[in-house]
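Attaching a single structure in structure tokens format; questions to follow.
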Amino acid sequence: MLSLRDAYGRVARDMRVSLTDRCNLRCTYCMPAEGMEWMPAEVTLTDDEMIRLIGVAVERLGVTKVRFTGGEPLIRPGLADIVAGTKRMTTVNGDAPETALTTNGIGLDRKLDKLVPAGLDRVNISLDSLDRERYKQLARRDRLDAVLRSIEAVAAAGLTPVKINSVIMRGVNEMDAVPLAEFALRGGYELRFIEQMPLGPKGQWDRSQMVTQQELLDMLGEHLTLTAAEEARGAAPAELWDVAADDRQPGGRIGVIASVTNPFCGNCDRTRLTSDGQVRTCLFSNTETDLRAMMRDGAADDDLADAWTGAHKYKPKAHGIDEDDFVQPDRTMSAIGG
Ligand code: SAM
Ligand code: SF4
């Protein structure tokens, strides 16, 4: 079997599949309020095309985990069919791939009855504030209640550990960091803070303004007792801290994905497929490999697999956000798949 090995010896086994570039929220760090140009329907992969490419990655290239994202993956009508199609595949280990979803959670409570039998294993739900007004300001939609309902429903359905993703921004929702942490500990959810990256509206990100991992830990440390978790970070992007129980809530675990101040590029095991069938070897790539055109021109699975492995030989060593010549990719996070 081929593998997605790059020039630095990293092997990609974890695939992010963007199912759509569209979304029902407009989070300020991800999209402008108006004027997003959506991909035309004809360039978006059909469900069958999507399943075929996932199959190439899983059955020919050694991918063992598939995470569906977007845009908002829940708004893709064929999501459950794509999950089921993925779960029918066999990995290099002889079992079905692990499947996960990164979602804003809106309407997920009503879709679990299809997604769980389809074989969805785990869910990450994004939540940046527990305050209704601030949530509305940040996501530009008044949907906090819908998200909270889904978090409870996912836990009740046994898709655990439920992970919550939060982006904290200076002067916007710093006051939410501790309440989010306490909410997660009380509910038994695993919270992941994500450092804001230059992947939203162009010109908006400012390195000197972003809230760093260290600042987050300082904020949390004023209210919670944190100890660095013992296990190695490996290919996981989050660094983990154990939180001690106190008289307000049970203990648990909190992670920080410090993509900017403490990048995990050296251990990155990701490959990415966009909803228009482009392979990206890094969130910050400025090049893509067009599998859609190949597939629609009649390429065989072997050719698609060769093109994918060829792309990975050129996976960049690191994202280079801190380099002087860093250029923000043309696609925003929502069009790449976060
Ligand atoms: N719509 C889904 C959601 O919000 O979870 C999936 C797609 S979203 C692009 C995936 C993750 O990327 C979310 O957790 C979101 O908070 C995060 N994200 C989006 N823009 C980001 C940025 N500029 N920096 C850091 N994280 C970002
Ligand atoms: Fe939509 Fe997710 Fe981007 Fe928010 S972060 S606008 S929910 S794609």
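Going by the structure shown, is P32 within 14 Å of ligand 1 (Cβ to nearest atom), under 30 Å from F264 (Cβ atoms), surrounded by fewer than 17 Cβ atoms within 10 Å (Cβ to Cβ) and of a type outside the set (K, R)?
On the way: within 14 Å of ligand 1 (Cβ to nearest atom): yes; under 30 Å from F264 (Cβ atoms): yes; surrounded by fewer than 17 Cβ atoms within 10 Å (Cβ to Cβ): yes; of a type outside the set (K, R): yes.
Yes, satisfied.
Return yes when L291 is within 23 Å of G62 (Cα to Cα) and touching a Leu at 6+ places or on another chain (Cβ under 8 Å) and no when it is not.
Details: within 23 Å of G62 (Cα to Cα): yes; touching a Leu at 6+ places or on another chain (Cβ under 8 Å): yes.
Taking the combined requirement at face value, the residue satisfies it.
Something else now. Quick one: which of A299, A236 is under 26 Å from T160 (Cβ atoms) and either among the aromatic types (F, W, Y) or surrounded by fewer than 18 Cβ atoms within 10 Å (Cβ to Cβ) (or both)? First the steps, then the outcome.
Values: A299 fails: under 26 Å from T160 (Cβ atoms).
The conditions single out A236.
Applying the selection to the range 163-207, what residues are open to solvent by less than 20 Å² (accessible area, probe 1.4 Å) and over 22 Å from H223 (Cβ atoms)?
Once the filter is applied, which keeps residues that are open to solvent by less than 20 Å² (accessible area, probe 1.4 Å) and over 22 Å from H223 (Cβ atoms), the range 163-207 yields P198, L199, G200.
Which of the residues spanning the range 274-312 are in a helix (DSSP H, G or I) and of a type in the set (K, R)? Quick ask: steps written out before the conclusion?
Step one: of the range 274-312, the residues in a helix (DSSP H, G or I) are 291-296, 301-312.
If the condition is that a residue be in a helix (DSSP H, G or I) and of a type in the set (K, R), then R292, R296 are the ones that fit.
While we're here: Can you tell me how many residues within the range 193-241 are outside any loop (DSSP other than H, G, I, E, B), of a type outside the set (G, A, S) and more than 15 Å from N173 (Cβ to Cβ)? Outline the logic, then answer.
Step one: list which residues in the range 193-241 are outside any loop (DSSP other than H, G, I, E, B), which gives 193-194, 210, 213-221, 226-228, 239-241.
Filter once more, keeping what is of a type outside the set (G, A, S): 193-194, 210, 213-220, 226-227, 239-241.
Okay, now just the ones that are also more than 15 Å from N173 (Cβ to Cβ), so 213-214, 217-218, 226-227, 239-241.
Number of matching residues: 9.
Related question: If T289 passes every condition in (1) closer than 30 Å to E37 by Cα; (2) open to solvent by less than 20 Å² (accessible area, probe 1.4 Å) but one, which one does it miss?
T289 satisfies every listed condition except (2).
Name the single residue that is nearest to ligand 1 (Cβ to nearest atom) among those in the range 242-266 being assigned to a loop (DSSP other than H, G, I, E, B) and open to solvent by less than 30 Å² (accessible area, probe 1.4 Å).
Here is the first cut: in the range 242-266, the residues assigned to a loop (DSSP other than H, G, I, E, B) are 244-251, 258-264.
Keeping just the survivors that are open to solvent by less than 30 Å² (accessible area, probe 1.4 Å) gives 249, 258-260.
Numbers: Q249: 23, A258: 11, S259: 7, V260: 9 Å.
Per the criteria, the residue is S259.
Does the range 68-77 contain any residue that is within 21 Å of the chain's Cα centre (by Cα), away from ligand 2 (no atom under 13 Å from the Cβ) and either surrounded by fewer than 19 Cβ atoms within 10 Å (Cβ to Cβ) or farther than 30 Å from W205 by Cα (or both)?
Residues of the range 68-77 within 21 Å of the chain's Cα centre (by Cα): 68-77.
The next check asks that each one be away from ligand 2 (no atom under 13 Å from the Cβ); those that pass are 77.
Next cut, either surrounded by fewer than 19 Cβ atoms within 10 Å (Cβ to Cβ) or farther than 30 Å from W205 by Cα (or both) only: 77.
Yes, the range 68-77 contains a residue that is within 21 Å of the chain's Cα centre (by Cα), away from ligand 2 (no atom under 13 Å from the Cβ) and either surrounded by fewer than 19 Cβ atoms within 10 Å (Cβ to Cβ) or farther than 30 Å from W205 by Cα (or both).
Taking the range 119-143 on its own, how many of its residues are in a helix (DSSP H, G or I) and more than 20 Å from the chain's Cα centre (by Cα)? Working first, answer last.
First, the residues of the range 119-143 that are in a helix (DSSP H, G or I): 132-139.
Subsequent filtering for residues that are more than 20 Å from the chain's Cα centre (by Cα) retains 132-134, 136-137.
Residues that pass the stated criteria total 5.
The values are calculated or read from the model by the stated rules, or taken from the named source; none is laboratory data. Quantities reported herein were computed from a predicted structural model and do not represent experimental measurements. Using ideal geometry, Cβ is built from the backbone for each residue, glycine included, and neighbour counts are taken over all protein chains shown. With ligands, DNA and RNA removed, areas are computed over all heavy atoms of the protein, side chains included. Shrake-Rupley method; radii C 1.70, N 1.55, O 1.52, S 1.80 Å.
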